[in-house]
Structures are given as structure tokens and as C-alpha cells.
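Report on the following structure.
Read-outs throughout are calculated quantities, based only on the coordinates presented, and are distinct from any laboratory measurement. The shown structure was predicted, so the numbers you read here are calculated from the model rather than taken from an experiment. Heads up, the Cβs are rebuilt from the backbone with ideal geometry, glycines too, and the neighbour counts pull from every protein chain shown.
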Ligand SMILES: [Zn+2]
């Protein structure tokens with residue numbers, strides 16, 4: 001099991017997610033981000049806007065995801 005925070009995954013708070021795989025943790029953080037966005041939480045709305053800008057650039061999201069995946073995989077299991 002590895003843990004990453006919302007912030008480390010491109011979000012805006014210190015909420016911690018735990019998962020065995022990167023796909024799982026990405027899903028959890030996405031779900032959390034969407035909930036916060038739906039509540040209109042300003043920091044998460046801003047994080048979502050930044051993500052949208054990233055999506056407008058070809059290949060930028062893939063590169064960004066790869067970096068997060070590498071960080072996740074480099075972490076020790078606990
Ligand atoms: Zn958050």
C-alpha cells in the first residue's frame with residue numbers, strides 16, 4: 001500500500017489516498033477532486049482549471065501523469 005496526498009496528485013489539499021496501484025490512486029484522487037469541485041471549493045476549482053489548461057496542450061497530460069506514476073512507483077511499500 002502506498003499513499004499520496006491530493007496535492008501530490010495535482011489537487012489542492014492534504015487529503016491522503018492509499019492504493020496498491022497508480023491507476024487506483026489516480027481514480028481516488030479524481031473522485032475526491034470532482035466532489036470538491038462540485039462543492040465549489042475554491043482551491044480545488046483552481047486546481048481543476050490548471051488541469052484543463054494542461055489538457056489543452058498536446059501530450060502535456062500524458063507527461064504529467066507519467067511523472068506522477070514514476071513518483072508513485074519510486075515510493076517504498078508500507
Ligand atoms: Zn483535495
* PRE reach from residue 37 (point 7 Å along Cα→Cβ): which of the stretch 43-64 fall under 16 Å by backbone N? -> 43-57, 61-62
* What value, in deg cm²/dmol to 500, does the helix sum -39500 (n - 2.57) over DSSP H runs of n ≥ 4 give at 222 nm once divided by the residues of the chain? -> -20000 deg cm²/dmol
* Distance from a point 7 Å along Cα→Cβ of residue 20 to each backbone N in the stretch 44-78: keep the residues under 15 Å and list them by number. => 77-78
* Under the classification rounded if a/c is under 1.5, otherwise prolate if a/b is larger than b/c and oblate if not, where does the stretch 34-78 fall, given a ≥ b ≥ c as square roots of the Cα gyration tensor eigenvalues? -> oblate
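Once you sort the root eigenvalues of the Cα gyration tensor of the chain as a ≥ b ≥ c, which label holds: rounded (a/c under 1.5), prolate (a/b larger than b/c) or oblate (the other case)?
On the way: a/c = 2.35, a/b = 1.25, b/c = 1.88.
Oblate, since a/c reaches 1.5 and b/c is not below a/b.
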